[in-house]
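J.: After the structure tokens below, expect a handful of questions from me.
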Amino acid sequence: MADLIKTMAVLALLVILLRRKIYLGTVMTAGSLVLALLYLTPPRDFLGGVYAAVMSPRSLEMTAMLIFTMMIENILRTTGTLKRMVESLSRVLPDSRLIMAAMPAMIGLLPSPGGAVFSAPMVGEAASSLTIGADQKAFINYWYRHIWEYISPLYPGIILVSGLTHIPFQKLVVINLPFAISVAFWGVFFCFAGIGPSRVRRGEEMGKGRALWIFSLSIAPIFVTLFLVVILRVNPVAAMGGVTLALYGVHRYSPARIWESLRESVSIKALFLVIGVMIFQETLRVTGALDGVSRFFAGSGLPPLLIISVIPFLAGLMTGLTIAFVSITFPVLMPLMGGEPPTMGLLALAFGSGFAGVMLSPLHLCLVLTGEYFNADMAKVYHRLWVPSALVLCAAVVPLYMFR
């Protein structure tokens, strides 16, 4: 019970500070310190966690991926490639709303922590002829980027579920498919509320064949990155670094222009923000806070369905990472879900609940970076997120009914 009270108190502090519009990097650092103090964590252990959060191979890889993502976005934007991409797609798709949904969904195929930075400017360009608020643009970009994490083998969360439960990936796709369909369906009503049919502002006229060719050339750097990472299994940092260098060469950047591009694209504020999030996540591990919450609920005697819903949701909310809520909670929940292998419907409920927490988490990097890009009021973005997230979770009734 003490673990639950402490973690909920820290989460409440984070929400209060964020509503006061305090910089998220500062909020996460403050939350980490408060959490460490509540658990009487020795300074050496806390500082060791900070070092691990900043200098671990995973953290360095995430930071490098984010930097290269920012650099590629800057090249695509400043060379006019981004504008041509959206304009050419507007010749094929009849409505700017389709473009705003298609771009983040397409970029979402690549499981990159900086992927939101890729698609955010595309959504902004597609919305250039519309009078909609920054919070709505941020919501659209964030929402449609997360269709695939329920069912894609490229995302580590679902891979870990398969490994822990020994259930083939194909079966996990079947039970999670209602969630993915629900994301796309409810997005139509909530993302585009108040937006009527409209077209992107067009430049030169062109036929559909030429438009498809220009779009293919414009989006080639992204698809090349996907091909290298997904098909050839190249390290994401190496793949994105190679694509960045290739773009500098294709567009004949001089050394001076490369330096200018670096200064323009790499946001120190965004990097510190990411570091703050990773420090908080590591502090959760060092203190054992979420492990304690999971053990409390598992031994509480509450109805199994409630426990299977609440524990992953809280873990997702507190970490903002799918792989974190899966690795922390699923080993505890397996006996409640029917042992090994678990009941498929209950497994889907646990995954859907956990990912609902991830989508609502203030630590979710995609949410953080999207809000940062559009300079959106995060309270307004959260206001848009709650209801559709709950409706997506309701899709769990399908696997619960089909796989009893």
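J.: Quick test for you: out of 330, 374, 351, pick the one residue that is within 27 Å of residue 271 (Cα to Cα) and among the aromatic types (Phe, Trp, Tyr).
T.: 374
J.: Give just the number: which of (1) closer than 21 Å to residue 291 by Cβ; (2) surrounded by 13 or more Cβ atoms within 10 Å (Cβ to Cβ) does residue 1 not satisfy?
T.: (2)
J.: Additional query: Specify the residue that is farthest from residue 295 (Cα to Cα); the eligible residues are those in region 320-333 that are hydroxyl-bearing (Ser, Thr, Tyr) and under 19 Å from the mean Cα position of the chain (by Cα).
T.: 322
J.: Turning to a different aspect of this structure: Determine which member of the set 347, 336, 305 is surrounded by fewer than 23 Cβ atoms within 10 Å (Cβ to Cβ), in a helix (DSSP H, G or I) and more than 14 Å from the chain's Cα centre (by Cα).
T.: From the options 347, 336, 305, the qualifying one is 305.
J.: Is it fair to say residue 35 is among the hydrophobic types (A, V, I, L, M, F, W, C), over 11 Å from residue 280 (Cα atoms) and more than 23 Å from the chain's Cα centre (by Cα)?
T.: No: the conditions fail for residue 35.
J.: Being over 30 Å from residue 57 (Cα atoms), among the polar types (S, T, N, Q), part of a helix (DSSP H, G or I) and more than 18 Å from the chain's Cα centre (by Cα): is that true of residue 300 here?
T.: In short, no.
J.: Only one of 286, 293, 277 is under 30 Å from residue 43 (Cα atoms), in contact with a Phe, Trp or Tyr (Cβ under 9 Å, 6 or more places away or on another chain), in a helix (DSSP H, G or I) and not basic (Lys, Arg); which?
T.: On inspection, the qualifying residue turns out to be 286.
J.: Could you say which residue among 161, 117, 200, 123 is at pLDDT below 90, buried (at least 19 other Cβ atoms within 10 Å of the Cβ), outside any helix (DSSP H, G or I) and among the hydrophobic types (A, V, I, L, M, F, W, C)?
T.: The match here is 200.
J.: Further question on the same structure: Report yes if residue 328 is surrounded by fewer than 24 Cβ atoms within 10 Å (Cβ to Cβ), in a helix (DSSP H, G or I), at negative phi and of a type in the set (Val, Ile, Thr), otherwise no.
T.: no
J.: Something else now. Sort out which residues of region 117-136 are of a type in the set (Val, Ile, Thr) and out of contact with any Ser or Thr (no Cβ under 8 Å at 6 or more places or on another chain), and write them in order of number.
T.: Across region 117-136, the qualifying residues are 123, 131, 132.
J.: Ok, one more. If you take the residues of region 255-290 that are in contact (Cβ under 8 Å) with a residue 40 or more places away in the chain and more than 21 Å from residue 369 (Cα to Cα), which of them is surrounded by the fewest Cβ atoms within 10 Å (Cβ to Cβ)?
T.: By that ranking, first place goes to 288.
J.: Inspect all residues belonging to region 362-371 and state whether any of them is surrounded by fewer than 23 Cβ atoms within 10 Å (Cβ to Cβ) and either within 16 Å of the chain's Cα centre (by Cα) or at negative phi (or both).
T.: no
The values are calculated or read from the model by the stated rules, or taken from the named source; none is laboratory data. On a predicted model such as this, the values are computed, not experimentally measured, just so you know. Please note: Cβ atoms are built from the backbone with ideal geometry, for glycine as well, and neighbour counts cover all protein chains shown.
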